[in-house]
1. Could you run the Debye sum over the Cα atoms of the chain, one equal point scatterer each and no solvent, and tell me log10 of I(q)/I(0) at q = 0.19, 0.22 Å⁻¹, two decimals?
2. Carbon and sulfur atoms: what percent of the 1.4 Å accessible area of the chain do they account for?
3. Could you bin all the Cα-Cα distances of the range 1-44 into 5 Å bins starting at 0 and give me the percent of pairs in each, rounded to whole numbers?
4. Rank-order 61-72, 109-120 by packing density, defined as the average count of other C-beta atoms within 10 Å over each peptide's residues, highest first.
5. Which distance in Å, rounded to a whole number, links the C-alpha centroids of the range 18-51 and the range 71-100?
6. Principal axes first, then extents: for the Cα atoms of the range 58-139, list largest minus smallest coordinate on each axis, whole Å, largest first.
7. What is the extension gain from SER11 to LYS29, computed as 0.36 nm multiplied by their sequence separation minus the C-alpha to C-alpha distance, in nm to one decimal?
8. Where the Cα atoms of the range 26-94 are projected onto their three principal axes, how long is each span, largest first, in whole Å?
Amino acid sequence: GFDAVPGRVNSIAPRKRSVHTLNPVIATKDGNLRWVYASPGGISQTITGTQMLVNLVDRQQSPAEAVRDPRWAIDRIGNTLVEPSVAPEVLNELNAAGIEARYETDTYLFGSVNLVQYDSDRTVSAVGDIRRESCALAI
């Protein structure tokens, strides 16, 4: 995950650690396991993980809706990127608010979540993201 260009935040240097690492998420509800998920994607892992929690907890989406929902990301130099499925009005509102955002068609930058949900009735379900070749299984 290091940047090969000297002088940047994540540049390779002695005694330096990369600013990110893999970050799988384990979420509980009322003391019980509720969701386990992860996403590859380098710079987008933490943002994608946060978007999943917002979708699942705050927006109360199903796992399939949460994974399918349009995403945004920030590239290595701080540009805000949104998926083409984001409504043009949203992009216009972001830009009007001073957040310079643009559409990005490279789905690699938005991660690829594999999510498992554990329900209180002991059923388990899984969702794989279509942004990359992906598969999630609940056994």
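The values are calculated or read from the model by the stated rules, or taken from the named source; none is laboratory data. Everything numeric here is computed off the predicted structure, so don't read it as measured data. In this analysis, Cβ positions are derived from the backbone assuming ideal geometry, glycine residues included, and neighbour counts consider all displayed protein chains. The area values use the complete protein model at the heavy-atom level, side chains included, leaving out ligands, DNA and RNA. Shrake-Rupley method; radii C 1.70, N 1.55, O 1.52, S 1.80 Å.
1. Log10 of I(q)/I(0), two decimals: -1.13, -1.32.
2. That fraction is 55 percent.
3. Calculated P(r), rounded to whole percents: 5, 20, 19, 13, 13, 11, 8, 7, 4, 1.
4. Put in order of decreasing packing, that is 109-120, 61-72.
5. 22 Å
6. 46, 26, 19
7. 2.6 nm
8. That gives 40, 25, 16 Å along the principal axes, largest extent first.
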